[in-house]
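Asks: I have a structure here, written as structure tokens, and I will follow up with some questions on it.
The values are calculated or read from the model by the stated rules, or taken from the named source; none is laboratory data. On a predicted model such as this, the values are computed, not experimentally measured, just so you know. Backbone-built Cβ (ideal geometry, glycine too); neighbour counts: all protein chains shown.
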Amino acid sequence: MKKTDVHTPSAHVGRYAGKTFVLGVTGSIAAYKAVSLCRRLKAEGAQVHVVMTRAAERFVGPLTFEVISGNSVATGLFVSGNEMAHLNLAEIADAILVAPASAHCLGKMAHGLADDLLSTLVLAAECPLLLVPAMDGGMWDHPAVRENVRILRARGVCVMESDTGPLASGRIGKGRLPDEETILAAFSSALSPQKDFQGRRILVTAGPTQESLDPIRYISNRSTGKMGWAIAEVARDRGGDVVLIAGPTGLAPVTNVTWVPVVTSEEMHKAVTTRFADADILIMAAAVADFRPARKAPGKVAKGQGRFVLDLEPTPDILGDLAERRSGQIVVGFAAETGDLLARARRKLTGKNLDLIVANDVTEPGAGFGTETNRVTLLDRAGGCKALPLLSKRDVAHRILDAVRRLTTAGRPRP
């Protein structure tokens, strides 16, 4: 289910580094869209091996996928020199994505038929499998197709719903391949067998705030929102019902996450306090401005009037204001510092009554704003202190959620 009108999340460079995926392509006019999917997976660090059915070759030539993937395309079971392709690919694949999956493909996989390389590979593999159906006419709603989908889902296979819209035949109906970002979000979720936050409502904040000086200028900071975005995506993949409250960034909303855009610290404060009572977990990754202009000029402050003195006042203390509203929620804060890291983080952990704080020195290489990596130390209310090595922000997000998970079963009442 889409929870935002905009569903084009930014790619995380290296998200799939070290992963090997099989992209299965079957006979559908939507086969051309699989070329872009292949490119995206490659761009995010994955090794991609494409397996095409004979029908798929009628729509897109194997050479296209060879050039994009950088690997030879597998098209048959009995290709000289590659007779064991179904076993070899099954052994190296971290996941299999079949997009588009035709009605014929769904039928064969539901009933265990194996008359070509792709269907045989699926039977041999033990990794996650995501099927993305695409078909025309009334095929998606045909009782046989619906029954095949039911069988596959009951078996634990992730089968996406088709989209509704214009079809290749000119008809309007259900059967379109879902958009690329929705597919990639579902694929990311399928890769996470851990669904330990199923049923949990997770509130995440991210990005900077902007505090207006005049209608043109504002005070802000260097936060890009990448850490908060990674937390929202990982929490979604692990089964959480996620709300992302985000300040202005260059990132697009995360697919299948409720997105609440804000600009100022006051708007961030209101958005968080309004939704906090319904949350089980709050992770405050946003870099909320500590100060704002005491007065906003009604018009542009002109240059050439001599020295300009800016009077600043403190912004609302969001975490501090939530202390009296807590009713069993887990609250996680962040401490982005430039020195005296652990002492400052501990003071914030205690002073704001947090369960966990994520501390990082933004002057360290690879750990500052705008990077794809981070080096953090996790401090919890019980005195625990765990310094993590330099990791991707997505891996850091997993470690944070692992720590949150432990907290829910180690003292504080479960949400």
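Asks: Do you know which residues across segment 37-95 are part of a strand (DSSP E or B) and under 20 Å from Asp179 (Cβ atoms)?
Replies: The initial filter retains those residues of segment 37-95 that are part of a strand (DSSP E or B), namely 47-52, 74, 95.
Selection gives Val48, Ala95.
Asks: Hey, another quick one. Given the criterion over 23 Å from Val35 (Cβ atoms) and among the β-branched types (Val, Ile, Thr), identify the matching residue among Thr75, Thr120. Full working, then the answer.
Replies: On the way: Thr75 fails: over 23 Å from Val35 (Cβ atoms).
Among Thr75, Thr120, only Thr120 is over 23 Å from Val35 (Cβ atoms) and among the β-branched types (Val, Ile, Thr).
Asks: Quick one: Val149 ticks every box in (1) within 16 Å of Thr20 (Cβ to Cβ); (2) assigned to a helix (DSSP H, G or I) bar one, so which box is it?
Replies: Failed condition: (1).
Asks: OK, next. Quick one: would you say Leu23 is crowded, with 19+ Cβ neighbours inside 10 Å and touching a His at 6+ places or on another chain (Cβ under 9 Å)? Step through it out loud before you land on a result.
Replies: On the way: crowded, with 19+ Cβ neighbours inside 10 Å: yes; touching a His at 6+ places or on another chain (Cβ under 9 Å): yes.
It is true that Leu23 is crowded, with 19+ Cβ neighbours inside 10 Å and touching a His at 6+ places or on another chain (Cβ under 9 Å).
Residue by residue, here is whether (1) in contact with a helix residue (DSSP H, G or I) (Cβ under 9 Å, 6 or more places away or on another chain); (2) without any contact (Cβ under 8 Å) to a residue 40 or more places away in the chain; (3) of a type outside the set (Val, Ile, Thr) holds:
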site: Asp290; (1), (2), (3): yes, yes, yes
site: Lys300; (1), (2), (3): no, no, yes
site: Gly304; (1), (2), (3): no, yes, yes
site: Arg307; (1), (2), (3): no, yes, yes
site: Ile318; (1), (2), (3): yes, no, no
site: Ala336; (1), (2), (3): no, no, yes
site: Ala343; (1), (2), (3): no, yes, yes
site: Lys348; (1), (2), (3): yes, yes, yes
site: Pro365; (1), (2), (3): no, yes, yes
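Asks: Let me ask you something else. Would you check if there is a residue in segment 380-400 being assigned to a helix (DSSP H, G or I), closer than 24 Å to Thr338 by Cα, free of Cβ contacts under 8 Å to residues at least 12 places away in the same chain and among the acidic types (Asp, Glu)?
Replies: Yes, the conditions are met somewhere in segment 380-400.
Asks: Could you check segment 205-217 and list, in sequence order, the residues that are of a type outside the set (A, V, I, L, M, F, W, C), in contact with a Lys or Arg (Cβ under 9 Å, 6 or more places away or on another chain) and not in a loop (DSSP other than H, G, I, E, B)?
Replies: Once the filter is applied, which keeps residues that are of a type outside the set (A, V, I, L, M, F, W, C), in contact with a Lys or Arg (Cβ under 9 Å, 6 or more places away or on another chain) and not in a loop (DSSP other than H, G, I, E, B), segment 205-217 yields Pro208, Glu211, Ser212.
Asks: Going residue by residue through segment 203-221, is there one that turns out to be buried (at least 23 other Cβ atoms within 10 Å of the Cβ), of a type in the set (Phe, Trp, Tyr) and on the phi < 0 side of the Ramachandran plot?
Replies: So far as segment 203-221 goes, no, none of its residues is buried (at least 23 other Cβ atoms within 10 Å of the Cβ), of a type in the set (Phe, Trp, Tyr) and on the phi < 0 side of the Ramachandran plot.
Asks: Residues that are in contact with a Lys or Arg (Cβ under 7 Å, 6 or more places away or on another chain): which strands (runs of 3 or more DSSP E) entirely in segment 242-323 hold 2 or more of them?
Replies: Numbers: elements: 258-261, 281-284, 291-293, 312-314.
In segment 242-323, the matching strands (runs of 3 or more DSSP E) lie at 312-314.
Asks: Of everything in segment 350-361 that's free of Cβ contacts under 8 Å to residues at least 40 places away in the same chain and part of a loop (DSSP other than H, G, I, E, B), which residue is surrounded by the fewest Cβ atoms within 10 Å (Cβ to Cβ)?
Replies: The residue in question is Asn353.
Asks: Right, next: Filtering segment 162-173 down to residues that are part of a loop (DSSP other than H, G, I, E, B) and surrounded by 14 or more Cβ atoms within 10 Å (Cβ to Cβ), which residue is modelled with the highest pLDDT?
Replies: The first filter runs over segment 162-173 and keeps only residues part of a loop (DSSP other than H, G, I, E, B), leaving 162, 167-171.
Filter again for surrounded by 14 or more Cβ atoms within 10 Å (Cβ to Cβ), leaving 162, 167-168.
Numbers: Ser162: 93, Leu167: 88, Ala168: 87.
For segment 162-173, the residue satisfying everything is Ser162.
The rows are residues; the columns are (1) within 23 Å of Gly240 (Cα to Cα); (2) surrounded by fewer than 22 Cβ atoms within 10 Å (Cβ to Cβ); (3) modelled with pLDDT under 95.
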{"position": "Val122", "(1), (2), (3)": "no, no, no"}
{"position": "Leu129", "(1), (2), (3)": "yes, no, no"}
{"position": "Asp141", "(1), (2), (3)": "no, yes, yes"}
{"position": "Arg146", "(1), (2), (3)": "no, yes, no"}
{"position": "Arg150", "(1), (2), (3)": "no, yes, no"}
{"position": "Met160", "(1), (2), (3)": "yes, yes, no"}
{"position": "Gly175", "(1), (2), (3)": "no, no, yes"}
{"position": "Glu181", "(1), (2), (3)": "yes, yes, yes"}
{"position": "Leu191", "(1), (2), (3)": "yes, yes, yes"}
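Asks: Is it the case that some residue within segment 255-270 is in the same structural domain as Phe369 (by TED's automatic domain parsing) and modelled with pLDDT under 95?
Replies: Residues of segment 255-270 that are in the same structural domain as Phe369 (by TED's automatic domain parsing), as a first pass: 255-270.
Keeping just the survivors that are modelled with pLDDT under 95 gives 255-256.
Yes; the residues of segment 255-270 include at least one that is in the same structural domain as Phe369 (by TED's automatic domain parsing) and modelled with pLDDT under 95.
Asks: While we're looking at this one, here's another question. Evaluate segment 207-222: report whether one residue or more is among the basic types (Lys, Arg) and within 22 Å of Glu181 (Cα to Cα).
Replies: Within segment 207-222, the subset among the basic types (Lys, Arg) is 217, 222.
Restricting the remaining residues to those that are within 22 Å of Glu181 (Cα to Cα) gives none.
No: zero hits.
Asks: Give me a count of the residues in segment 294-327 that are among the hydrophobic types (A, V, I, L, M, F, W, C) and surrounded by 11 or more Cβ atoms within 10 Å (Cβ to Cβ).
Replies: Restricting attention to segment 294-327, the residues satisfying the condition of being among the hydrophobic types (A, V, I, L, M, F, W, C) are 294, 297, 301-302, 308-310, 312, 318-319, 322-323.
If we keep only those that are surrounded by 11 or more Cβ atoms within 10 Å (Cβ to Cβ) too, we end up with 297, 301, 310, 312, 318-319, 322-323.
Here the count works out to 8.
Asks: Also: Got at least one residue in segment 328-341 being assigned by TED's automatic domain parsing to the domain that holds Ile245, loosely packed, with under 14 Cβ neighbours inside 10 Å and within 25 Å of Thr408 (Cα to Cα)? Let's see the steps before the verdict.
Replies: Step one: list which residues in segment 328-341 are assigned by TED's automatic domain parsing to the domain that holds Ile245, which gives 328-341.
Keeping just the survivors that are loosely packed, with under 14 Cβ neighbours inside 10 Å gives 328, 338-340.
Okay, now just the ones that are also within 25 Å of Thr408 (Cα to Cα), so 328.
Within segment 328-341, one or more residues are assigned by TED's automatic domain parsing to the domain that holds Ile245, loosely packed, with under 14 Cβ neighbours inside 10 Å and within 25 Å of Thr408 (Cα to Cα).
Asks: Does any residue in segment 205-233 that is under 30 Å from Ala302 (Cβ atoms) come within less than 6 Å, Cβ to Cβ, of a residue that is assigned to a strand (DSSP E or B) and polar (S, T, N, Q) six or more places away or on a different chain, and which pairs are these?
Replies: That search, which allows pairs on different chains as well, returns Tyr218/Ser212.
Asks: Just to be sure before I move on: is Leu378 under 19 Å from Thr205 (Cβ atoms), modelled with pLDDT of 95 or more and in contact with an Asp or Glu (Cβ under 8 Å, 6 or more places away or on another chain) in the structure I sent?
Replies: Numbers: under 19 Å from Thr205 (Cβ atoms): yes; modelled with pLDDT of 95 or more: yes; in contact with an Asp or Glu (Cβ under 8 Å, 6 or more places away or on another chain): no.
In short, no.
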